[in-house]
């Protein structure tokens, strides 16, 4: 990107009254990429739902060939992180249960079922905007979340916008996107939410993924990107 996009505040019209659904590929992406958005929308009463795409089973080797314990741990951590981000104002998270690092492909029956489920959820909760990872993100699950959101946008019976957030990838270019910015979070609030994801920060679950230290230094606000029509 040749220059940083000027950003419109989400607290101003027309965004301040819109209802948000946050689609996170994994438990911890909600904090890393959309923690400030979740906190702001929860405080304003416009957070419709937080949805996790995968079961988190790929972050560590399965013990005795079974991933159930790790999946339960990742879900428990996600619930605690959301309580900290929303101060208890949000609904319980929704887990779609795709296998971690093995995303369903567009056109497959499983992808279609998930698309219908998410579309029905958006209709029931009157969602206006899906916030999810950008399609250029290098992890396959992050790209799949973007693809799923676009599929829901295409098939939904109501008008939806897609706002992209970046966890691992490069920022969109100004020619194709416009930027939105959240209010800053309180000092330490995002770090406290991230600390809930103990399995991703420590060796509590044995040898496996650990979030790099440079990713733990997070900005107080989020920037999201909406494609220009």
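The values are calculated or read from the model by the stated rules, or taken from the named source; none is laboratory data. Being a predicted model, the structure only gives us computed values, none of them experimental. Positions of Cβ are backbone-derived with ideal geometry, glycine not excepted, and every protein chain shown enters the neighbour counts.
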Checking residue 152 against (1) in contact (Cβ under 8 Å) with a residue 40 or more places away in the chain; (2) crowded, with 18+ Cβ neighbours inside 10 Å; (3) within 16 Å of the chain's Cα centre (by Cα); (4) under 24 Å from residue 102 (Cβ atoms): exactly one of these is not met. Which one?
(1)
Within the stretch 49-79, considering residues that are surrounded by fewer than 18 Cβ atoms within 10 Å (Cβ to Cβ), in contact (Cβ under 8 Å) with a residue 40 or more places away in the chain and over 25 Å from residue 149 (Cβ atoms), the one farthest from the chain's Cα centre (by Cα):
63
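The rows are residues; the columns are (1) farther than 21 Å from residue 7 by Cα; (2) out of contact with any helix residue (DSSP H, G or I) (no Cβ under 9 Å at 6 or more places or on another chain).
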{"site": "155", "(1), (2)": "yes, no"}
{"site": "161", "(1), (2)": "no, no"}
{"site": "176", "(1), (2)": "no, yes"}
{"site": "186", "(1), (2)": "no, no"}
{"site": "198", "(1), (2)": "yes, no"}
{"site": "218", "(1), (2)": "no, no"}
{"site": "221", "(1), (2)": "no, no"}
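Looking at 100, 141, can you tell me which residue is closer than 27 Å to residue 223 by Cα, at pLDDT 95 or above and in a loop (DSSP other than H, G, I, E, B)? Can you show your working first?
Details: 141 fails: in a loop (DSSP other than H, G, I, E, B).
Just a single option satisfies the conditions, and that option is 100.
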Residues that are without any contact (Cβ under 8 Å) to a residue 60 or more places away in the chain, in a helix (DSSP H, G or I) and under 13 Å from residue 60 (Cβ atoms), drawn from the stretch 180-214:
201
Tally, over the stretch 62-97, of residues that are over 24 Å from residue 37 (Cβ atoms), in contact with a helix residue (DSSP H, G or I) (Cβ under 9 Å, 6 or more places away or on another chain) and not in a strand (DSSP E or B)
3
Step by step: first the residues of the stretch 215-229, then only those that are in a loop (DSSP other than H, G, I, E, B) and touching a strand residue (DSSP E or B) at 6+ places or on another chain (Cβ under 8 Å), then the one that is surrounded by the fewest Cβ atoms within 10 Å (Cβ to Cβ). Which residue is that?
228
Check off (1) buried (at least 17 other Cβ atoms within 10 Å of the Cβ); (2) under 23 Å from residue 71 (Cβ atoms); (3) out of contact with any helix residue (DSSP H, G or I) (no Cβ under 6 Å at 6 or more places or on another chain) for residue 101 and give me the number that stays unchecked.
(1)
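Please go through the stretch 23-48 and pick out each residue that is more than 14 Å from the chain's Cα centre (by Cα) and surrounded by 21 or more Cβ atoms within 10 Å (Cβ to Cβ).
40
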Can you tell me which residue within the stretch 164-178, out of those that are under 19 Å from the mean Cα position of the chain (by Cα) and outside any strand (DSSP E or B), is nearest to residue 26 (Cα to Cα)?
167
Of all residues making up the stretch 1-48, the number that are out of contact with any strand residue (DSSP E or B) (no Cβ under 9 Å at 6 or more places or on another chain), in a helix (DSSP H, G or I) and without any contact (Cβ under 8 Å) to a residue 60 or more places away in the chain
3
